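This report refers to the structure that appears directly beneath it.
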Amino acid sequence: MAFSLEIIMLIVAVYGPIKIINTPWLRYAVAAGLLLLIIVAWSLWAAPTATGRLKLPYIVIFKFLIYLIPTYLLFKVGMKHYAWMFYALVVITEVAAVLFNEYTGAVK
């Protein structure tokens with residue numbers, strides 16, 4: 001489930017700016033920049049193999065904040081129900097990850 005949410009986040013990060021911004025060159029620049037920002041931030045702080053992976057509770061806070069980007073974009077595009085469903089799945093997934101010790105090595 002978590003990997004599916006990550007893929008959806010990346011898709012919406014590209015789809016949102018393309019639908020929202022009217023200037024052709026700017027929409028693609030923002031979409032590419034946002035995609036790059038998310039990929040770099042995720043690979044530095046949230047990826048399971050990242051050397052600088054955040055510890056609990058900071059990784060959960062980071063994920064809640066980074067998942068707000070696609071949620072906001074879904075709201076801006078007019079897909080309010082999808083935005084609510086997406087973020088509800090994020091909350092459920094993160095709560096389950098903490099409860100079932102998914103962040104092994106993060107708790108000391």
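The values are calculated or read from the model by the stated rules, or taken from the named source; none is laboratory data. Source: prediction; values computed, not measured. So basically every Cβ, Gly included, is an ideal-geometry build from the backbone, and we count neighbours across all protein chains shown.
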Extreme residue, surrounded by the fewest Cβ atoms within 10 Å (Cβ to Cβ), among residues of the range 63-83 that are free of Cβ contacts under 8 Å to residues at least 12 places away in the same chain and part of a loop (DSSP other than H, G, I, E, B): 78
Residues 18, 8: which one is of a type in the set (A, V, I, L, M, F, W, C), within 23 Å of residue 91 (Cβ to Cβ), surrounded by 11 or more Cβ atoms within 10 Å (Cβ to Cβ) and at pLDDT 95 or above? 8
Those residues of the range 89-105 which are in a loop (DSSP other than H, G, I, E, B) and either β-branched (Val, Ile, Thr) or surrounded by fewer than 17 Cβ atoms within 10 Å (Cβ to Cβ) (or both), in sequence order: 100, 101, 102, 104, 105
Count - residues of the range 29-62 that are out of contact with any Asp or Glu (no Cβ under 6 Å at 6 or more places or on another chain) and not in a loop (DSSP other than H, G, I, E, B): 21
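Going through the range 36-57 one residue at a time, which ones are touching a Gly at 6+ places or on another chain (Cβ under 7 Å) and aliphatic (A, V, I, L, M)? Working first, answer last.
Taking the range 36-57 and keeping what is touching a Gly at 6+ places or on another chain (Cβ under 7 Å), we get 44-45.
Residue satisfying the conditions is 44 alone.
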In the list 24, 57, which residue meets the criterion of being more than 22 Å from residue 95 (Cβ to Cβ), of a type outside the set (A, V, I, L, M, F, W, C) and over 10 Å from the mean Cα position of the chain (by Cα)? 24
With respect to residue 86, is the statement that it is touching a residue at least 24 places away in the same chain (Cβ under 8 Å), in a helix (DSSP H, G or I) and among the aromatic types (Phe, Trp, Tyr) true? yes
